[in-house]
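Structure first, then comments.
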Amino acid sequence: MTKHEITSGGTGFEPSVGMTRRRFLNQFGMGMGGIALTQMLGSDTTLAAPHGTLQQLHHAPRAKRVIFLFQSGGPSQMDLFDYKPILNEKHGTELPEEVRMGQRLTAMSGNQASLPLAGSPFKFAQRGKSGIWMSDLLPKTAEIADEICVVKSMHTEAINHGPAVTFVQTGSQFPGRPSVGGWLSYGLGNESDDLPAFVVMVTKDKGGQPLVSRLWGSGFLPSKHQGVRFRSGKDPVLYLSNPSGLDRASRERMLGALNALHQLQLAGGSDPQIETRIAQHELAFRMQASIPEATDLSSEPEHVFKAYGEDARTPGTFAANCLQARRLAERGVRFIQLYHPGWDQHGGLPAGIKRQCQETDQASAALVQDLKQRGLLDDTLVIWGGEFGRTNYCQGKLAGHNFGRDHHPRCYTMWMAGGGIRGGMSYGETDPYGYNIAANAVHIHDLQATILHQLGIDHERLTFKYQGRHFRLTDVHGEVVRDIIS
């Protein structure tokens, strides 16, 4: 850990130059010295974050962890949450120019001679005591309407998938920046000694836009902060198992010898890369014992599988990943990212979105209910949404109620639950056509600032100096959306 990394939290504590955190703790001792260290880092232990860069949180946190249910491809907000009856009334008529206002379109619909409005073929109703509008595609999400905050005024500058997904995950449209989970690992460290701080799962056997590892990468942060991908099948984490012929005791001796060599190198001065390798080797060894238990869903009772749906019995499905996310949350994983591709419906939207909702609706709602029943929802922030929304007009030729929608970054919907977010709330408004934001706009950086805020972090103060500049997740933008905080 570099001197900058240790002091970036602004705690006033600064070891001598060349002293690493590991060496400092080894010399300091873990008995009375550990108690004294806690006092140095702040008397309010509820604000202490001793395992990460931040020696003390910036304010009292409302959440300890995040589960991000990322719906890759861009779900159509007008067929799920943003009820626009005028589109049904004017189905097939031209998008008014005074609504579009000359805004750019993608290359896929920019050359169309006509932009015919497409109303939703699905029925909408107000759900829960709060009366949040949802379509009949989401019967299970409707049951948790009073637990979630539906944000209808999300917007982004990115109009194509690659930059848009990268923007949501890293705060920049350009590759190379750390992901949200990487920033949280860097700032807060591990809550669990035996599992990674940041875990990623991708629904298996789904098409759609490619999801590449840089989306959960550490960027210019030390590599120990990158997400660890869990897979379905025999080996949930690649290369974690011992090679054939090497038992656990031999592996432990090998790592001990390797650690001794690394310590000899560290004796000559601080080297963050060596410290990262030591930490990763140690965690990997502990994970060999913890991963099999954490990923064994067979121990779950029958009523849990019934709640999440039959798909939860099949490893790698979205439902199984949601159940796995709850298990990881119980075991102290800080940031759990689920990717579910397939929402990019340029054509055949009615059938496609119906299939997507059948795969995700029940499990998403069950996760929120499960967390609440176990007392975890209060300090777990759950987020559902994609990289942008869909257009109110048809891409290509409108054939009755069989149509597709293009990308729409101007306004779209996400929902949040738990972690100090107000439930039973609809926030933000779009115009009657669902094309522009009418009130309470929420930018991607606002969302990211709010996530960090709920975890006790001031997004302007968690930074990393790289190539002469102090970078942060929200770049030079971002405001906490305080209206949705309970």
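Quick look at the values:
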{"read-out": "Listed peptides 457-469, 307-319 by packing density, highest first (mean Cβ within 10 Å)", "value": "307-319, 457-469"}
{"read-out": "With eigenvalues of the C-alpha gyration tensor scaled by 5 and rooted, region 47-143, Å", "value": "39, 22, 12"}
{"read-out": "Cβ-based net charge around R355, under 14 Å, with every Lys or Arg adding one and every Asp or Glu removing one", "value": "-4"}
{"read-out": "Residue-count net charge about G233 - beta-carbon cut-off 15 Å; Lys, Arg +1, Asp, Glu -1", "value": "+2"}
{"read-out": "Formal net charge of residues neighbouring N160 (Cβ-Cβ distance under 12 Å; K, R +1; D, E -1)", "value": "-3"}
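Here, each number is a calculation from the coordinates, and none is a lab measurement. All values derive from a computational prediction rather than experimental measurement. Positions of Cβ are backbone-derived with ideal geometry, glycine not excepted, and every protein chain shown enters the neighbour counts.
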